[in-house]
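Report on one structure; see the data block that follows.
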Amino acid sequence: MDSLLADLLSLLELEQIEDQIFRGQSRDIGSPRVFGGQVLGQALTAAHYTVEGCEAHSLHAYFLRAGDVSAPIVYDVDLARDGRTFSNRRVVAIQHGRPIFNMTASFQVPEQGLEHQATMPDVPGPDELQDVSDGLDDVLGKVPEKMRRFLTRKRPFEIRPVEPVSLLSLEPSEPVRHVWLRTVDLLPDQPHLHRNLLAYLSDFQLIGTATLPHGIHFEQGKVQMASLDHAMWFHRPFRVDDWLLYSMESPNAAAARGFALGRFFDTDGVLVASTAQEGLIRVWPSRRESANPDRKN
């Protein structure tokens with residue numbers, strides 16, 4: 001298995017330190033704080049460790065504080081309910097003695113029922129697109145060091161955006177984004193592992209969709225963004241080592257918050273999972289704008 005993917009799988013394997021209490025490590029992926037998807041995936045792993053015979057079908061989470069990548073995270077699981085069909089777990093992630101995240105997850109014994117789904121967007125397939133890391137040579141010298149480190153970092157996933165990505169002169173566009181994703185190598189046949197990894201991936205670029213209509217880019221000033229809450233629903237079986245289309249849209253931004261919705265489709269057009277997220281978005285004026293407050297752009 002690819003070493004980066006193997007490292008990610010080990011990151012999602014938590015150490016049990018007490019009944020319903022687990023400990024996980026963190027990885028620096030080029031951002032100043034713990035990646036929210038990592039905490040989502042680890043929290044879902046911790047909840048899964050405490051259930052039998054059922055599968056996660058939804059989670060609802062709040063990000064309370066920024067995570068410290070240099071310190072372990074402790075996950076305290078509360079066995080809220082075990083019924084005949086559904087089980088519910090509450091998970092609190094703790095660092096330095098303070099909660100940084102909490103989540104409620106629901107699990108269901110598999111059963112059959114009514115079926116319908118939304119139609120998959122009509123977009124090019126992954127074979128027609130380039131990986132996000134291709135074609136960066138012309139821009140790497142023009143972006144901030146932190147962004148350059150993030151862009152050039154090797155990943156355990158292939159990421160192929162449908163819409164062109166401009167890092168230097170982003171023009172306002174519709175708040176819609178489509179990205180094909182899959183792991184760089186095959187994974188074990190463990191449905192819970194694929195759910196945990198999809199939870200990890202679901203935080204990727206989602207809230208950023210809310211910035212697209214505003215043409216925000218790095219030369220305009222400092223942009224502060226942070227996930228506030230995150231919800232996810234698992235609808236049907238899937239594999240993260242097969243291509244999945246992440247279709248994202250932002251129907252609203254207001255009060256320094258952006259709201260985004262996402263759907264995951266497999267290559268057959270089957271809707272396998274849905275997401276929703278709200279995040280903090282603050283745009284600070286650039287030094288030039290601060291020095292010339294009356295200037296009209």
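The values are calculated or read from the model by the stated rules, or taken from the named source; none is laboratory data. Predicted model, so just to flag it, every value in this text is computed and none were measured. Neighbour counts are summed over all protein chains in view; Cβ atoms, including those assigned to glycine, are modelled from backbone coordinates with ideal geometry.
Being part of a loop (DSSP other than H, G, I, E, B) and surrounded by 15 or more Cβ atoms within 10 Å (Cβ to Cβ) is a property that holds for SER26.
Remark: pairs (first residue in the range 9-26, closer than 16 Å to HIS192 by Cβ; second residue surrounded by fewer than 15 Cβ atoms within 10 Å (Cβ to Cβ) and of a type in the set (S, T, N, Q); Cβ separation under 6 Å; 6+ apart in sequence or on different chains) = PHE22/GLN16.
Annotation note: of LEU59, LEU4, the sole residue that is under 18 Å from the mean Cα position of the chain (by Cα) and part of a helix (DSSP H, G or I) is LEU4. Among the residues of the range 230-263, those identified as farther than 22 Å from ILE216 by Cα and touching a Phe, Trp or Tyr at 6+ places or on another chain (Cβ under 6 Å) are TRP243, LEU244, LEU245.
Within the range 156-194, the residues that satisfy the criterion of being among the basic types (Lys, Arg) and in contact with a Phe, Trp or Tyr (Cβ under 6 Å, 6 or more places away or on another chain) are ARG160, ARG182. For the range 155-268, the strands (runs of 3 or more DSSP E) that sit wholly inside it and include 2 or more residues that are over 25 Å from LEU11 (Cα atoms) are 176-183, 223-234, 244-254, 257-266. For the range 84-134, a tally of residues being small (Gly, Ala, Ser), surrounded by 10 or more Cβ atoms within 10 Å (Cβ to Cβ) and modelled with pLDDT of 95 or more returns 6. Filter the range 37-66 for residues that are under 21 Å from LEU280 (Cβ atoms), in contact with a Ser or Thr (Cβ under 8 Å, 6 or more places away or on another chain) and buried (at least 20 other Cβ atoms within 10 Å of the Cβ) and give the result. Answer for the range 37-66, where residues must be under 21 Å from LEU280 (Cβ atoms), in contact with a Ser or Thr (Cβ under 8 Å, 6 or more places away or on another chain) and buried (at least 20 other Cβ atoms within 10 Å of the Cβ): GLY37, GLN38, LEU40, LEU59, ALA61, PHE63. Considering only residues in the range 273-284 that are in contact (Cβ under 8 Å) with a residue 60 or more places away in the chain and surrounded by 13 or more Cβ atoms within 10 Å (Cβ to Cβ), the one that is farthest from ASP242 (Cα to Cα) turns out to be VAL283.
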